[in-house]
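Each remark here refers to the structure printed beneath this line.
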Amino acid sequence: MNSEIAVRSWRDTLAHLRDWRVLRIGLLGFSSGLPLLLVFGTLSFWLREAGVDRSTIGFISWVALAYAFKFVWSPLVDRMPLPLLTRVFGRRRAWLLLTQLAIAAGLLGMAVSDPARHLPHLVWLALLVAFASATQDVAIDAYRIEIAEKRLQGVMAAFYTTGYRIAMFVASAGALWIAARFDPDEASYQQLPWAVTYAIMAALMGVGLLTTLFAPEPAVDDPVARDPGLRAADPWTRLRHWFVDAVVQPFADFFRRHGWLALLVLGLIASYRMSDIVLGAIANVFYRDMGFSKDEIALVSKGFGIYMTILGSFVGGMAVYRFGVMPILFLGGALASVTNLLFALLAEHGHDFWMLVAVVGMDNLSGGVAVAAFVAYLSGLTNVSYSATQYALFSSVMLLLPKFLGGFSGVMVDHFGYPWFFVITTLMGVPVLALILAAWRYTEVEGPARD
């Protein structure tokens, strides 16, 4: 992408915001972002309030590893038709509808569960939501890549991130506000406020369902449909062909196009978001331990912070369109890592509302820039012939190690304390900058490849 894009005018860049495709992807971004914190950050706050210890909460955050392993079943999303749904809605929309319904059902199940009495039951339902949500992300990423040309991917990433972050605001600040409104006494744990909260979150999955129902199906290459001989072949031949086409070829294509540099690219992807993901696993517990109330956390961390992330994503998306991917990828990585030191200062300072505002604002602004650049970078590595599988591979690699390490965040805090924990997460970002410089020099991102 950086070879094709030098500098474009801001007027030309902003003109593309009128494209209806970016609005649709923003709404699907909302559907994608809503479940994540409901099985991660918001859930951890609920568990802490219910009396679950920090180490257990850290290990429960491994539920989110479903997002890191989605590449395993992504070939199914790329190639396997769903009975009736695919015939009526098309390949991408069929998978979107199925996963959105599963997410809504899982959230309703969580709403009627109580971690103080039946913690394993709640964890299994959270795993269902995470699995369905990760599968939805595979379908949305493929849909986004297939409906827009490569020069729009930065803008699409900005709108997707905006919808995603608005949903995270709803699933975090909104969830905490709802829980606070229905909580008669914050000094003691009550399950009812969380039941109401998660039931409302399940209903909000209707945004994604309606968007999917009214969105057009993208034109995709179906090897079975275009090969009459394959349609008439026996089931074993078709299964073998499907396995090669859906499982082997996407990974072979990536390594064929990048050679040994594919390992460098995968290393960069695996470590780019390590600092903020490991920190995020314990962030809500940190706020709670610092004495901040539900309303304070909702207003600052989940309210003001989301707006700053949206601002950062738009700045990052527009900057990628104007200056190219790699400069903004480096800037975002540096900022996202350094701002973790601000949390160490907050940990030393203690309960301070305005310091929380400053820390959260800087952290979320830099995170928005980083995510927008990173989504554009991953999109540029993808071959649209295998969009779901390859993008799922990249985003899974991105999450696998950070989510695994995040599971030990509670143990790390118990051992080192909060200030040193945040310093450690900052140092995790240093090798990332060296990998970005190496990838910038030795690789070239030209946008989604087309066979």
_What are the pairs with Cβ atoms under 6 angstrom where one residue, in region 54-69, is within 16 Å of residue 37 (Cβ to Cβ) and the other, located anywhere, is β-branched (Val, Ile, Thr) and crowded, with 24+ Cβ neighbours inside 10 Å? Sequence gap at least six, or different chains._
63/39
*asked:* One residue is enough: does region 180-199 have a residue meeting the conditions surrounded by 17 or more Cβ atoms within 10 Å (Cβ to Cβ), within 25 Å of the chain's Cα centre (by Cα) and not in a helix (DSSP H, G or I)?
replied: no
*Taking into account only those residues within region 346-361 that are surrounded by fewer than 21 Cβ atoms within 10 Å (Cβ to Cβ) and in contact (Cβ under 8 Å) with a residue 24 or more places away in the chain, which is nearest to the chain's Cα centre (by Cα)?*
361
*Kindly check whether there is at least one residue in region 247-256 that is surrounded by 20 or more Cβ atoms within 10 Å (Cβ to Cβ) and either under 30 Å from residue 359 (Cβ atoms) or of a type in the set (Gly, Ala, Ser) (or both).*
no
*Are any residues in region 332-345 surrounded by fewer than 22 Cβ atoms within 10 Å (Cβ to Cβ) and under 20 Å from the mean Cα position of the chain (by Cα), and if so, which ones?*
334, 335
*Filter region 200-227 for residues that are assigned to a loop (DSSP other than H, G, I, E, B) and out of contact with any helix residue (DSSP H, G or I) (no Cβ under 7 Å at 6 or more places or on another chain); which is modelled with the highest pLDDT?*
216
*Do any residues in region 294-307 that are under 16 Å from residue 354 (Cβ atoms) and among the hydroxyl-bearing types (Ser, Thr, Tyr) have Cβ atoms under 6 Å from those of residues that are modelled with pLDDT of 80 or more and assigned to a helix (DSSP H, G or I), where the two are at least six apart or on different chains, and which pairs are they?*
301/360
*Please indicate, with yes or no, whether at least one residue in region 170-177 is under 24 Å from residue 310 (Cβ atoms), of a type outside the set (Val, Ile, Thr) and at pLDDT below 85.*
yes
*Pairs, please: C-beta under 7 Å, at least 6 apart or cross-chain, first residue over 13 Å from residue 218 (Cβ atoms) and in region 72-95, second surrounded by 16 or more Cβ atoms within 10 Å (Cβ to Cβ) and hydroxyl-bearing (Ser, Thr, Tyr)?*
73/135; 74/389; 75/389; 77/135
*asked:* For residue 121, only one of the following conditions fails: (1) touching a residue at least 12 places away in the same chain (Cβ under 8 Å); (2) more than 30 Å from residue 219 (Cβ to Cβ). What is its number?
replied: (1)
_Meets criteria (among the hydrophobic types (A, V, I, L, M, F, W, C), in contact with a Ser or Thr (Cβ under 9 Å, 6 or more places away or on another chain), touching a residue at least 40 places away in the same chain (Cβ under 8 Å) and closer than 24 Å to residue 189 by Cβ) for residue 129_ = no
*Looking at region 286-313, which of its residues are aromatic (Phe, Trp, Tyr), buried (at least 20 other Cβ atoms within 10 Å of the Cβ) and under 19 Å from the mean Cα position of the chain (by Cα)?*
none
*Restricting region 70-88 to residues that are closer than 25 Å to residue 39 by Cα and not hydrophobic (A, V, I, L, M, F, W, C), which is modelled with the highest pLDDT?*
70
*asked:* Go through (1) in a helix (DSSP H, G or I); (2) under 20 Å from residue 199 (Cβ atoms); (3) hydroxyl-bearing (Ser, Thr, Tyr) for residue 113 and report which single condition fails.
replied: (1)
*Does at least one position in region 254-277 carry a residue that is part of a helix (DSSP H, G or I), of a type in the set (A, V, I, L, M, F, W, C), within 21 Å of residue 343 (Cβ to Cβ) and at pLDDT 75 or above?*
yes
*When residues of region 118-158 are filtered for being modelled with pLDDT under 80 and assigned to a helix (DSSP H, G or I), how many remain?*
12
*Given the conditions (1) within 24 Å of residue 266 (Cβ to Cβ); (2) modelled with pLDDT under 85, which single one is not true for residue 352?*
(1)
*In this structure, does residue 91 turn out to be within 21 Å of the chain's Cα centre (by Cα) and either farther than 30 Å from residue 284 by Cα or modelled with pLDDT under 75 (or both)?*
no
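The values are calculated or read from the model by the stated rules, or taken from the named source; none is laboratory data. Since the model is a prediction, treat every value here as computed from it, not as a measurement. Reconstructed Cβ throughout: ideal geometry from the backbone, glycine too, with neighbour counts over all protein chains shown.
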